[in-house]
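What follows is a set of notes on a single structure, which appears directly below.
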Amino acid sequence: MKFQALGSHYDFAWAMRQLFATGSKRHSAQLVQRLERRYGGKAYLYDKGRNALSEAVRVSIHTDTPLIAVNALTCSVVVEAIDDTAATPVYIDVDPHTAHFTADALEKAFHARPAISAVIVQNTYGRPCDIAAIEAVVRKFDALLIEDLAHSIGQTYPDGREVGTVGDLVMLSFGRDKLLDAVNGGALIVRSQHLTETVVAPNRWPRLRTQWQDRIYPILTWKVRSFYVSGLGKALLVAMYKFGLARRSADGGINRSLRLPHWQAKLVLKRLDSLEQTNLQRREHMSTYERYFGDELVSKDGTLRAAIAVADRAQTLKELRAAGYELRDTWYDTPIGPARKYATIAYPTNSLPIAVELAAKLINLPTHSHISTDDIERISAIVRRDV
Ligand SMILES: *Cc1c(COP(=O)(O)O)cnc(C)c1O
């Protein structure tokens, strides 16, 4: 069985590295330096991307009832990052072809609520958004631009600028299934000088217990995947969560004071060294999917995951499973994913019809290193029947 998520892009060497990594101040300093050079700003390392994003939101707000514009199709941790400050999210409905809002939709939102303090762009699936047009709207209304690079590190916008070199604030995620995966981790880059004065640098380490959860995650998920077909794997997964050996990635809440352990900074450095290679391979996989799906591929020109709308998701996933592909981990199968978090969020369903409809139909197809061109052809043949 091949998987979308569940640690499927770690190999054994990485699992060992994650388990035994040691690091020192030097590694954190080196990571900070590389990020500052690449993105042109001041970098802060966090235990998770969501906490970096929450700090970005916190320093952006300048009214008593602040509003933050955000993609209508996103991860619950983004909403939590906003909610944990005094701010309220304003969801901008997506273009069904890109799963990202357009500059036009954003401009309409500003006309309705001129007090929006900041706009978060997300480059869903690593597909670069039309940043020049979006940036123009943000500047016109005197707001701040936050780039969430959780899906898109290393990508280039249509106008030639690298993602992360446009916004006032930039968030990176080093979380599981992301491009610079160290199981958990994140960074904030502050690119506007005047904002650096208000940033409060994180100053506490995550608890040892959570650090251990991050160390054993690759090896545990490897066991889960190898015993999956027999049903034992699923039981192990349930036990992992139940006995606190692991934590679901969307859980844990927001804490802006937690910094990245040095050993994880060292792992991120290692990932950075091979980022270009990783993205090259993922882009190649994306073009193979594109050969099958053309412009219907929502993630066209992206990297992290391929995505397409299908008529009957449950049936397609079932057929994929029968062929040896467990791909049910979907970004996002509810407008704010995962479903168990969506149920707790006040989401204005009626005013966001496209995100609601797209979330009901999306399916994600893998582009990671343990997927071959043959796999992609087999997967695409199955999915094609339902598009
Ligand atoms: C994963 C993700 C984040 C940040 O995730 P962390 O797990 O907190 O590092 C932020 N935005 C989006 C869209 C994401 O998918």
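Keeping all protein chains in position, work out how much accessible area Leu208 exposes to a 1.4 Å probe, and write it in Å² to the nearest 10.
For Leu208, the solvent-accessible surface is approximately 120 Å².
Among all the aspartates and glutamates, which ones have a C-alpha under 15 Å from Lys361's C-alpha, if same-chain residues fewer than 8 places away are not counted?
The reachable aspartates and glutamates, counting only those whose Cα sits under 15 Å from Lys361, are Asp95, Glu296, Asp312, Asp329, Asp333, Asp386.
Out of the DSSP beta bridges found with both residues in segment 1-123, what percent are antiparallel (nearest 5)?
The antiparallel proportion sits near 10 percent.
Would you please put 259-266, 375-382 in order of how densely packed they are, using the mean number of other Cβ atoms within 10 angstrom per residue and starting with the highest?
So the order, starting with the most tightly packed, is 259-266, 375-382.
Relative contact order for segment 275-384: what percent, with Cα pairs under 8 Å and sequence separation of 6 or more?
Once divided by the residue count of segment 275-384, the mean separation gives 37 percent.
Under a 10 Å cutoff between Cα atoms, tell me which one of Gly154, Gly302, Gly253 has the largest fluctuation in the Gaussian network model of the chain.
Gly253
When DSSP beta bridges are limited to those with both residues in the chain, what percentage is antiparallel, rounded to the nearest 5?
Antiparallel: roughly 45 percent of the beta bridges in the chain.
If a/c stays under 1.5 just call it rounded; otherwise compare a/b with b/c (prolate if a/b is bigger, oblate if not). Do that for segment 1-71, with a ≥ b ≥ c from the square roots of the Cα gyration tensor eigenvalues.
oblate
Carbon and sulfur together cover what percent of the accessible area of the chain at a 1.4 Å probe radius?
52 percent
Could you tell me which of the pairs Lys108/Lys300; Lys42/Lys242; Lys140/Lys266 are separated by over 30 angstrom between their Cα atoms in the structure shown?
Cα-Cα > 30 Å for Lys42/Lys242; Lys140/Lys266; rest within.
In segment 226-350, how does Rg compare with the Kirkwood Rh, expressed as the Rg/Rh ratio over alpha carbon atoms?
1.00
Over the chain, what is the mean sequence separation of C-alpha contacts under 8 Å (at least six apart), divided by residue count, expressed as relative contact order in percent?
Reported relative contact order: 24 percent.
Give the ranking of Ile131, Ile216 by solvent-accessible surface, highest area first, calculated with a 1.4 Å probe.
If we order Ile131, Ile216 from most to least accessible, we get Ile216, Ile131.
Have a look at Lys300, Lys242, Lys318 and tell me which one the Gaussian network model of the chain (Cα, springs below 10 Å) gives the largest fluctuation.
Result for the chain, Cα springs under 10 Å: Lys242 fluctuates most.
Dividing the alpha-carbon Rg of the chain by 2.2 N^0.38 Å yields what?
Rg over 2.2 N^0.38 Å, computed on Cα atoms: 0.93.
Work out, step by step, the length gained on full extension between Asp312 and Ala239: first 0.36 nm times the residue separation, then minus their alpha carbon distance; give nm to one decimal.
23.2 nm
Please check: in the Gaussian network model of the chain (C-alpha springs, under 10 Å), which one of Thr334, Thr210, Thr198 has the largest mean-square fluctuation.
Largest GNM mean-square fluctuation: Thr198.
So with the 1.4 Å probe, I'd like the accessible area per residue for the chain, rounded to whole Å².
It amounts to 41 Å² per residue over the chain.
The values are calculated or read from the model by the stated rules, or taken from the named source; none is laboratory data. Model, not experiment: these values are computed from the prediction. For neighbour counting, all protein chains shown are included, and Cβ atoms are generated from backbone atoms with ideal geometry for every residue, glycine included. All accessible areas refer to the heavy atoms of the entire protein, side chains included, with ligands and DNA or RNA removed. Shrake-Rupley method; radii C 1.70, N 1.55, O 1.52, S 1.80 Å.
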